[in-house]
1. Binned at 10 Å from 0, what are the whole-percent values of the Cα-Cα distance distribution for segment 72-143, short to long?
2. Name the residues of segment 153-175 whose amide N is less than 19 Å from a point 7 angstrom out from the Cα of residue 136 along the C-beta direction?
3. Can you sort 205, 198, 380 so the residue with the fewest Cβ neighbours within 10 Å comes first?
4. Per DSSP H run of at least 4 residues, take -39500 (n - 2.57); add these up for the chain, divide by its residues and hand me the 222 nm value, nearest 500 deg cm²/dmol.
5. By how many degrees, 0 to 90 and rounded to 10, does the Cα axis of helix 231-243 deviate from the longest principal axis of the chain?
6. Can you sort 87, 44, 304 by how many other beta carbons sit within 10 Å, fewest first?
7. Output the relative contact order of segment 21-84, whole-number percent, from Cα pairs under 8 angstrom with separation of 6+ residues.
8. Restricting attention to the alpha-carbon atoms of segment 136-309, what are Rg (one decimal) and Dmax (integer), both in Å?
């Protein structure tokens, strides 16, 4: 919709209805976009006719045509990608039409639109996968809350704007949790269930694998043992979850051969999904019985410090990606977590120099000992940064997020 602002454009949001109903709705969108009431009297027999009409009416001036929730159109008409291929090859590419296909079903868009076996393969001008908001951007949803509370909220719902928007600043974080996640009627209570059913044909094993990773199973063997499958099977399911970016495999930056590393660990890549499998799914029966307040007090509130620390770690990695280049003097190529007592994160520059981020309170011989252990992997010219708590403007209270400074060596 933002793309259409200020442009000659038609934005069509498909629905899960019959093909002819979507065609009629599309006709109405064209009528309003082009300002021609006579279009309302036209009956499009199929999508080839509808798109050909749009291309003809575009004339010599660019017309942006957005088909949102494209997978819904293909549910009602599985041959639609082939129809669009033929239309584009014979007519569309020589017209002034810009055709934009969107969809929230990531697996469908990648396999049926972008993949090599798709009829539309090789015809796109470009593609963009919309990522969740970064931690610093997500905090902007909670400007009236204390920074620590806002960071905790991000640690729970992650960076999806639709989820962030469900939390109301006029009430407490706990009240939002009780309303949105810890009662069966809550908007976010069953969201992960719907997400997995949308993306996956048989989500039961994926549910078990996500639950195992959320509980702390980090390696393929641990996941396989927790779920009750063999390691090759677990690896296959983890591969699909990685493609959907629900799970990530992280290899330490200190590993000399990351492509063949056996030190990689798995984690839930989406904070909202991680929270669901840690705190909602294990207590479904209590929540269904109206005991959400008990779940909050007994299981979630004691975990607040860890949730906030994880969110703070992600914010630190964001700062490292975007702010460290100016301090280091060259661009950052990769970043990674580090679980040392003094060193909280690591990075490597485009030239291969290592960067270590120290906790502000770290000092003494233990710091140098930890850095010395990192130098064989990251080089003797290890750049040291310090993650300090920035002070709020006009007050003494430290902000929850870290600012990076160059360490005095």
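Where a number appears in this text, it was derived from the coordinates with a stated rule and is not lab data. All figures in this text were calculated on a predicted structure; none of them were measured in a lab. When we count neighbours, we look across all protein chains shown, and the Cβ atoms used for this are built from the backbone with ideal geometry, even at glycine.
1. 16, 42, 23, 13, 6, 0
2. Flagged as within label range: 153-155, 158-161.
3. 380, 198, 205
4. Value at 222 nm, helices only: -12000 deg cm²/dmol.
5. Roughly 70 degrees between the two axes.
6. 304, 44, 87
7. Rounded, it is 30 percent for segment 21-84.
8. Computed over the Cα atoms of segment 136-309, radius of gyration and Dmax are 17.0, 52 Å.
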